[in-house]
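Here the structure is laid out as structure tokens; the discussion comes afterwards.
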Amino acid sequence: MTTEKFEFTTQEKEETLALYQQIREQIAASLEEGDEERMRRLLMKAIEANQIRRNIFGLNPILLAFQTAKLLVGEIGLRRDAVLAVLLRPSVEEGHMDTDEVSRQFGESVARILHGLLRIQELYQKNPVVETENFRNLLLSFAEDMRVILIMIADRVNLMRQIRDTEQKEAQREVSEEAAYLYAPLAHKLGLYQLKSELEDLSLKYLEHDAYYHIKDKLSETKKSRDAYIDNFIKPISERLTEAGLRFHIKGRTKSIHSIWQKMKKQKCPFEGVYDLFAIRIILETSPTPPTSQASSTTTSVQDMQREKAQCWQTFAIVTSMYQPNPKRLRDWLSVPKSNGYESLHITVLGPEQKWVEVQIRSERMDEIAERGVAAHWRYKGVKSESGLDEWLTNIRNILETSDDLQMMDQFKMDLYEDEVFVFTPKGDLFKFPKGATVLDFAYHIHSKIGNQCVGARINNKVVTIRQQLQSGDQVEIMTATNQKPKQDWLNIAKTSRAKSKIRLALKETQVKEGLFAKEMLERKFKNRKLEMDEGVMQQLIKKLGFKEVSDFYRQIADGTLDVNQVIDRYADMQQGDQPVTGNNVAQTAADFVLDDSRLSPLNQKLADDVLVIDRNLKGVDYQLARCCQPIYGDRVFGFVTVSGGIKIHREDCPNAPELKKRFGYRVVRARWSGKGSSQYSITLRVIGNDDIGIVNNLTNIISRDEKLVLRSINIDSHDGLFSGNLVVMLDDTARLDALVKKLRTVKGVKQIERI
């Protein structure tokens with residue numbers, strides 16, 4: 001948000017000129033011919049024409065840009081492209097030049113960074129809720145070039161420094177909340193610890209003024225005694241390190257105000273209850289190996305790094321021999337550095353007066369990396385030009401980015417906020433996991449098969465379950481069993497996205513295998529019973545048993561929840577009671593069948609006339625309409641005597657009619673309807689047509705407009721621009737059926753309608 005146009009004040013001009021000189025000296029080697037002249041001309045044009053507006057805090061955007069550029073160069077170590085993008089940003093945001101012009105004058109790289117900054121500006125203009133889980137992911141995806149994120153962090157640090165005395169308190173609060181929730185964690189992940197601490201302290205200062213100054217005053221009150229204690233603690237250590245021939249310097253560092261406040265809230269204690277207010281940092285001055293013709297003087301050799309680590313462990317041994325260490329508070333980031341490159345040894349020891357003191361041990365190189373993050377990586381990796389940053393910036397994106405899958409969002413949050421744990425295999429291999437990871441995560445990290453068969457583990461020779469959370473330093477040996485299979489609740493036990501995805505895959509494979517096994521077993525049982533499985537009858541049976549999914553039915557068959565023999569019995573009952581008797585599945589039973597006149601005594605009169613007259617008031621005759629062809633009043637029909645003595649009414653054009661008449665002609669009875677139909681019958685229509693918008697509504701509207709028609713169900717599938725489906729309708733007779741089919745065929749897009 002912006003306000004009125006502005007003119008430079010004298011103080012602003014002086015400060016801008018001073019910053020210009022400093023930045024020019026630092027990035028001179030990376031500038032290209034004509035850069036300085038073109039930039040000066042554009043800035044002077046914008047200033048003289050009063051084209052730039054002050055922001056909501058009344059601050060000069062051009063001066064802010066120079067301040068941010070100075071911070072980028074000094075604290076982060078970026079050079080030409082980033083600096084030019086920051087300085088051009090005010091003019092581009094005001095619309096006085098575009099990225100195409102920037103690309104022509106300063107190159108595609110500068111234009112790409114500016115484009116990323118503009119996209120993020122557009123994102124903010126949509127007033128997003130920054131505290132939402134996916135905002136960081138949005139921000140990163142909008143950034144395009146990771147230098148955009150580094151610029152955003154530096155820009156926010158600079159802005160937080162400048163708005164101390166602003167009267168725009170609501171805007172100050174919004175800026176501070178974003179700094180605390182978004183930019184400080186990103187700075188931490190990138191190893192920019194100084195900037196991260198500054199963002200956190202300033203955010204606390206603006207958001208919780210009383211708490212900030214309470215702690216600040218307490219620190220001031222205790223500074224004298226704290227300094228005396230640090231001197232007393234350091235003195236014997238210095239003597240022993242000097243005797244060992246080590247060159248070093250020691251810093252006493254008080255915890256940041258934000259860190260103290262977080263401890264007070266977490267431990268629910270006053271300022272006096274925070275026992276580890278300060279830390280001691282021992283920084284070893286190691287001499288680098290003289291450079292050879294093959295190695296740059298700025299590149300740290302493998303030998304140098306090994307010597308640094310050896311001296312750090314030597315210092316560790318000296319400190320812990322003098323003061324009692326707390327083994328639970330050992331943090332070894334020498335053997336396996338953090339993903340952002342942080343290397344150090346941390347140990348908490350019991351000092352004089354029974355006070356716990358944290359001691360950090362590192363080399364000068366490690367200390368610079370810890371304090372300056374990106375800039376130190378640049379220098380110690382021997383990178384001399386801006387182009388050398390590309391590989392490292394790509395690595396940053398890999399650290400920060402998550403996949404498009406929504407299930408990865410939580411993992412990103414965990415990676416951002418939680419510490420890492422390091423665990424060993426029995427062979428001594430070291431693996432890194434997010435805090436909270438379990439034995440199951442470890443098993444799947446080793447191999448999918450190990451994870452699928454995991455039943456527990458031995459951690460430090462103690463047997464534990466798959467739910468056991470891993471701790472740094474644990475030695476983990478996975479226990480497996482060949483009969484173990486992944487279970488659904490494993491998704492709640494696993495914490496890493498890698499393990500979760502492998503569990504989901506294994507569950508799907510298991511379900512498919514179990515389903516196939518159960519189906520094969522069922523088909524084998526059917527053959528043993530001399531029955532043939534009809535998919536249509538089986539589908540009806542599955543629905544009658546209360547299953548919505550066929551896979552659930554076969555899974556219960558596989559695990560024994562459903563008795564196979566009972567399922568087959570139910571199937572046989574349905575086939576004989578609800579379906580026509582056809583095929584080889586009843587061949588033996590039908591061969592032995594003898595028509596018993598006494599059992600069919602109610603039919604004697606009807607059979608004597610050779611025609612069964614179907615009437616709703618027919619007494620003494622057990623008859624049903626066959627489901628295979630669903631006859632209705634008006635259809636030409638015949639009767640078929642079932643084994644139970646009842647009669648099934650079939651249409652003459654029933655698909656099963658030829659087989660029934662051919663093999664069991666002696667059980668076929670002529671039949672006809674009596675008078676006008678007075679009942680409603682269920683029929684199924686198969687509809688095929690073009691998949692157009694609204695076609696289903698058009699079909700159902702035709703049915704709903706006829707009061708004597710009832711739509712029982714509709715099932716439509718669409719594929720490759722065509723739809724096909726079944727309509728189940730209740731109606732009176734064939735005349736009404738013919739009329740309905742005629743109406744449905746008038747619907748645009750319908751290609752075919754047939755009764756099934």
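The values are calculated or read from the model by the stated rules, or taken from the named source; none is laboratory data. Bear in mind that the values here come from a model prediction, so they are computed numbers and not experimental data. No Cβ is skipped: glycine too gets one built from the backbone with ideal geometry, and neighbour counts run over all protein chains shown. The area values use the complete protein model at the heavy-atom level, side chains included, leaving out ligands, DNA and RNA. Shrake-Rupley method; radii C 1.70, N 1.55, O 1.52, S 1.80 Å.
For region 477-518, the percent of C-alpha pairs falling in each 5 Å distance bin, counted from 0 to the bin holding the largest distance, reads 5, 21, 23, 29, 15, 6, 2, 0. Convex hull volume of the C-alpha atoms in region 53-98, normalised per residue: 66 Å³.
Across region 609-756, the volume of the C-alpha convex hull divided among the residues equals 125 Å³ per residue. Each 5 Å bin, from zero up to the one with the longest distance, holds this percent of the alpha carbon pairs of region 445-520: 3, 15, 23, 25, 16, 9, 5, 2, 1, 0. The residues PHE442, PHE547, PHE424, sorted by heavy-atom accessible surface at 1.4 Å with ligands and nucleic acids left out, run PHE424, PHE547, PHE442 from largest to smallest. With R₀ set to 25 Å, the beta-carbon distance separating VAL455 from ARG524 gives a calculated FRET efficiency near 0.20. Could you tell me the number of lysine pairs in region 455-543 with C-alpha atoms less than 21 Å from each other, where the two lysines are 8 or more residues apart or belong to different chains? The result is 21. Phi-derived couplings, Karplus 6.51 cos²θ - 1.76 cosθ + 1.60 at θ = phi - 60°, listed residue by residue for region 735-750: 5, 5, 5, 4, 5, 5, 4, 4, 5, 5, 5, 7, 5, 4, x, 6 Hz, with x used for Gly and Pro.
Residue-wise HN-Hα couplings along region 544-554, as the Karplus relation 6.51 cos²θ - 1.76 cosθ + 1.60 with θ = phi - 60° gives them from phi, are 5, 6, x, 9, 7, 10, 4, 4, 5, 4, 5 Hz; Gly and Pro carry x.
Any idea which of LEU199, THR242, ALA187 is furthest toward the positive side of the dipole for region 172-297, if Lys and Arg beta-carbons carry +1 and Asp and Glu beta-carbons -1? Of the options given, the answer is THR242. Taking the average, over residues, of other Cβ atoms within 10 Å as the packing measure, peptides 622-635, 22-35 rank 622-635, 22-35 from highest down.
Near GLY456, the amide H atoms lying under 5 Å from its own belong to MET479; only residues 5 or more places off or on other chains count, and H is placed 1.01 Å from N. Normalise the Cα radius of gyration of region 424-573 by 2.2 N^0.38 Å (N = residues in it) and let me know the number. For region 424-573, the normalised Cα radius of gyration comes out at 1.39.
Stick to the Cα atoms of region 6-96, pair each with every other, and give me the Kirkwood hydrodynamic radius in Å at one decimal. Every distinct Cα pair counted, the radius reaches 13.4 Å.
Across region 710-718, coupling constants 3J(HN,Hα) worked out from phi with the 6.51/-1.76/1.60 Karplus curve, θ = phi - 60°, read 10, 7, 7, 7, 9, 9, 10, 10, 10 Hz, and Gly and Pro carry x.
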